[in-house]
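A.B. asks: Quick one: the structure is below, and I'll ask about it shortly.
The values are calculated or read from the model by the stated rules, or taken from the named source; none is laboratory data. Keep in mind that what you see is a predicted model, and the values were worked out from it rather than measured. Please note: Cβ atoms are built from the backbone with ideal geometry, for glycine as well, and neighbour counts cover all protein chains shown.
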Amino acid sequence: MTDPKKIMFECRIVPVITIEALEQAAPLGQALQAAGYTALEVTFRTPHAAAAISAMKQACPELHIGAGTITGTEQFDAACAAGSDFLVSPGTSDALFNLFDTVDIPVFPGVASASEAISAFERGYQVQKFFPASAIGGSAALKALAAPLANISFMPTGGIHGANMQEYLSLSNVVAVGGSWMIDKAAVAQADWAQVTAFAQQQKS
């Protein structure tokens with residue numbers, strides 16, 4: 001299995017994308033790749049998610065295109081059929097873990113507490129999604145978890161933006177952060193992909 005940290009460490013910011021129109025998928029992936037992002041998470045919040053992942057993978061074969069908001073069998077099956085490079089869930093359950101155990105791609109199960117993190121670690125997941133980060137203590141909570149959960153790393157999402165991302169990225173137990181602040185939604189709506197790239201580049205620092 002690919003080491004999930006290697007996917008994230010190339011660029012420690014993971015755009016979390018909700019595709020409203022399928023025709024936006026491929027050019028958006030190309031624009032973000034041009035801006036230097038190496039992994040993208042496409043959320044299963046619209047009917048276009050699976051087709052968008054396939055389109056992005058075809059247009060940007062070097063990108064790691066993952067599927068987010070995996071909450072059950074339907075999303076899991078569609079994400080796997082689309083060729084997702086990794087899976088992300090907002091939370092976990094025994095049923096979800098049983099599904100995740102059947103794939104060879106990296107999976108980042110969502111956790112919101114030390115107990116959930118330990119349970120996921122016991123199932124073999126060293127790198128986990130911390131969600132919704134800002135609502136459950138933010139960087140301070142993750143800093144507090146670093147010593148007692150020294151073998152677990154996190155990818156926090158939820159309430160992270162350009163002004164606070166370094167608070168998270170400076171922590172020893174954070175491998176990457178996820179969010180959508182680097183997406184210029186107006187430029188996407190206008191199909192101004194050069195502006196999408198320029199804006200996304202600015203948001204990395």
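A.B. asks: Please work out which one of (1) over 21 Å from V42 (Cβ atoms); (2) without any contact (Cβ under 8 Å) to a residue 12 or more places away in the chain is the condition A186 fails and give its number.
C.D. replies: Failing condition for A186: (1).
A.B. asks: Now a separate question. When residues of the range 40-85 are filtered for being modelled with pLDDT under 95 and within 18 Å of P109 (Cβ to Cβ), how many remain?
C.D. replies: Looking only at that region, the number is 2.
A.B. asks: For the range 62-73, what are the residues that are surrounded by fewer than 24 Cβ atoms within 10 Å (Cβ to Cβ) and either within 11 Å of the chain's Cα centre (by Cα) or farther than 21 Å from A176 by Cβ (or both)?
C.D. replies: T69, T71, G72, T73
A.B. asks: Can you find, within the range 75-91, the residue that is nearest to the chain's Cα centre (by Cα) among those that are surrounded by 23 or more Cβ atoms within 10 Å (Cβ to Cβ) and part of a loop (DSSP other than H, G, I, E, B)?
C.D. replies: S89
A.B. asks: So which residues in the range 62-99 are touching a Lys or Arg at 6+ places or on another chain (Cβ under 8 Å) and among the aromatic types (F, W, Y), if there are any at all?
C.D. replies: Correct list: F97 only.
A.B. asks: Which pairs have Cβ atoms under 7 Å, sit 6 or more apart or on different chains, and link a residue in the range 125-147 that is closer than 11 Å to G159 by Cα to one that is small (G, A, S) and surrounded by fewer than 17 Cβ atoms within 10 Å (Cβ to Cβ)?
C.D. replies: From residues that are closer than 11 Å to G159 by Cα, the pairs are P132/G159; A133/G159; S134/G159; A135/G159.
A.B. asks: What number of residues within the range 180-205 are at positive phi and touching a strand residue (DSSP E or B) at 6+ places or on another chain (Cβ under 8 Å)?
C.D. replies: Going through the range 180-205 one residue at a time, the tally reaches 0.
A.B. asks: Something else: Name every residue in the range 51-74 that is assigned to a helix (DSSP H, G or I) and of a type outside the set (D, E, K, R), in order of residue number.
C.D. replies: Of everything in the range 51-74, those that are assigned to a helix (DSSP H, G or I) and of a type outside the set (D, E, K, R) turn out to be A51, A52, I53, S54, A55, M56, Q58, A59, T73.
A.B. asks: Separate question: Restricting attention to the range 177-205, and to residues there that are of a type in the set (S, T, N, Q) and buried (at least 17 other Cβ atoms within 10 Å of the Cβ), which single residue is modelled with the highest pLDDT?
C.D. replies: Filtering the range 177-205 for residues that are of a type in the set (S, T, N, Q) and buried (at least 17 other Cβ atoms within 10 Å of the Cβ), the one modelled with the highest pLDDT comes out as T197.
A.B. asks: Do any residues in the range 80-98 that are without any contact (Cβ under 8 Å) to a residue 40 or more places away in the chain have Cβ atoms under 9 Å from those of residues that are assigned to a loop (DSSP other than H, G, I, E, B) and charged (D, E, K, R), where the two are at least six apart or on different chains, and which pairs are they?
C.D. replies: Partner pairs satisfying both residue conditions: T92/R123; F97/R123.
A.B. asks: Condition first: over 15 Å from T71 (Cα atoms) and either loosely packed, with under 15 Cβ neighbours inside 10 Å or more than 18 Å from the chain's Cα centre (by Cα) (or both). Now tell me which residues in the range 98-125 satisfy that.
C.D. replies: The answer is T102, D104, S113, A114, S115, E116, I118, S119, F121, E122, R123, G124.
A.B. asks: Continuing with the same structure: Only residues that are farther than 15 Å from F199 by Cβ, touching a residue at least 60 places away in the same chain (Cβ under 8 Å) and in a loop (DSSP other than H, G, I, E, B): list them for the range 18-48, please.
C.D. replies: Of everything in the range 18-48, just one residue is farther than 15 Å from F199 by Cβ, touching a residue at least 60 places away in the same chain (Cβ under 8 Å) and in a loop (DSSP other than H, G, I, E, B), namely T18.
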